Amino acid sequence: MYEFTNGIINRGPLTVFFILVTDTPGCIGMASRAAAGLIALVLVLSFMFKKDLTKPEAFMALRFVVLFEAGYWFFSFFMSGVMGGYGIFNTGSFGGFGGILLFTVENTVPCFLQSIGLVAVLLKLFFELNPNKPARGAIKWGLIAGTFYIFVFWFNNTGNWMEALIEKGTNYIMLYPFNLFSFLFSTIGLLLLGVYAAYFTKKSVGTESLSNLDLQIVGAIITIVGLYFGIHYVSYMFLGAVGGWGTWYAWMLGHNLDLWAMALPFIGLPLLFRQSKMQGKLINRVVLLTQGIGAVFFAVFWAAYAFALPSNHVLHGEPIFKIPLSIFGGLFVLLTAVLLVFSFVLARRKTTSL
């Protein structure tokens, strides 16, 4: 909702052709995602407050969430991909081969991957989410969609790092340990996670119901994705732009609509310990504590954006926001990482005992 509002208020002049053909459909995309988020919020609150929803009603709401999410990816990125393709064939003003490389891996391919490939998967999931159909199809395409998201995140952030290295040189990662960690996590870590998610999806195809799906693995995968974004954001709160501000930090922090994924541990952590014998005791309390800290973090995170309107200035650097963001964000990420490691230890012990 913030990005939609900000895009309406601070969008550049429509007399500029690039803004006309990219930012205008982008605003429609933001509105589509805002609608998806609102429906999802109402749906979750309905379950929390035990409002009686029929199965068809719940499925209908979920289908609209998926449909509007597909609308976000298509309207927000398709024309950006088209304009990126235009840039590839007009590299004289964009730096020759370097321009071709950047427009290909940083703009054109990622935008088309999102606006065509991911949208096609989400539309298939939309049609499979039918209470009159077996759950097998919805589970299959839900897993495929989740896996596709990971590869989208990997491609986007790998492209961002390639652009950063072209801009800053290899010393940008060789001289700064955190940048090296971020580079490896983005280019190799997310790729390996995507490959494992694809393997898990292939192995799980044909699962007849959620009760037969290994939700602990699902929880681990989405928690790691959430940690990827959470670690980067919180590290910036503590360390600033390591090696100096540049393309990488601009895209990760300044223009990143994927930061919503920092909230994924809210879902992932309960799934990690869903079948643990300690569930309901110490682990349950630590999970609830972590989620409570995360809720405070996200409340401040949201306020740092919303209170700046109608300007597009973000208040994350102001002490009144930065201090609680650093404290609660750091605790949220740290406790999430500890719980993730502990879940692996429990799973290993269980496997050994068997």
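The values are calculated or read from the model by the stated rules, or taken from the named source; none is laboratory data. All of these numbers come straight from a predicted model, not from anything done at the bench. Glycine gets a Cβ as well: all are built from the backbone with ideal geometry, and neighbour counts include every protein chain shown.
Let me confirm something: among 141, 161, which residue is in contact (Cβ under 8 Å) with a residue 60 or more places away in the chain and of a type in the set (A, V, I, L, M, F, W, C)? Please lay out each step first, then the result.
On the way: 141 fails: in contact (Cβ under 8 Å) with a residue 60 or more places away in the chain.
Result: 161 is the single residue among 141, 161 that is in contact (Cβ under 8 Å) with a residue 60 or more places away in the chain and of a type in the set (A, V, I, L, M, F, W, C).
When 292, 243, 268 are checked against the criterion of being in a loop (DSSP other than H, G, I, E, B), more than 26 Å from residue 6 (Cα to Cα) and of a type outside the set (D, E, K, R), a single residue qualifies: 243.
Scanning region 304-325 for residues that are crowded, with 16+ Cβ neighbours inside 10 Å and either out of contact with any helix residue (DSSP H, G or I) (no Cβ under 7 Å at 6 or more places or on another chain) or assigned to a helix (DSSP H, G or I) (or both) yields 304, 305, 308, 321, 322, 324, 325.
Every listed requirement among (1) under 21 Å from residue 2 (Cα atoms); (2) touching a residue at least 60 places away in the same chain (Cβ under 8 Å); (3) surrounded by fewer than 19 Cβ atoms within 10 Å (Cβ to Cβ); (4) not charged (D, E, K, R) is met by residue 329 save one, (3).
Suppose we keep only residues that are in contact (Cβ under 8 Å) with a residue 40 or more places away in the chain and more than 21 Å from residue 322 (Cβ to Cβ) within region 280-303. Which one would you say is nearest to the chain's Cα centre (by Cα)? Only one residue fits best here, namely 290.
In region 46-54, the count of residues that are among the small types (Gly, Ala, Ser) and under 18 Å from the mean Cα position of the chain (by Cα) is zero. Beta carbons closer than 7 Å, at least 6 apart along the sequence or on distinct chains, pair a first residue in region 11-29 that is more than 18 Å from residue 255 (Cβ to Cβ) with a second that is part of a loop (DSSP other than H, G, I, E, B) for 20/14.
Residue-wise test of (1) more than 14 Å from residue 233 (Cα to Cα); (2) at pLDDT 90 or above.
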| site | (1), (2) |
| --- | --- |
| 254 | no, no |
| 270 | yes, yes |
| 276 | yes, no |
| 279 | yes, no |
| 288 | yes, yes |
| 323 | no, yes |
| 338 | yes, yes |
| 348 | yes, no |
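Test residue 122 against the criterion of being outside the structural domain of residue 29 (by TED's automatic domain parsing), in contact with a helix residue (DSSP H, G or I) (Cβ under 8 Å, 6 or more places away or on another chain) and not hydroxyl-bearing (Ser, Thr, Tyr), and give yes or no. Break it down into steps so the answer makes sense when it comes.
Working: outside the structural domain of residue 29 (by TED's automatic domain parsing): no; in contact with a helix residue (DSSP H, G or I) (Cβ under 8 Å, 6 or more places away or on another chain): yes; not hydroxyl-bearing (Ser, Thr, Tyr): yes.
No: the conditions fail for residue 122.
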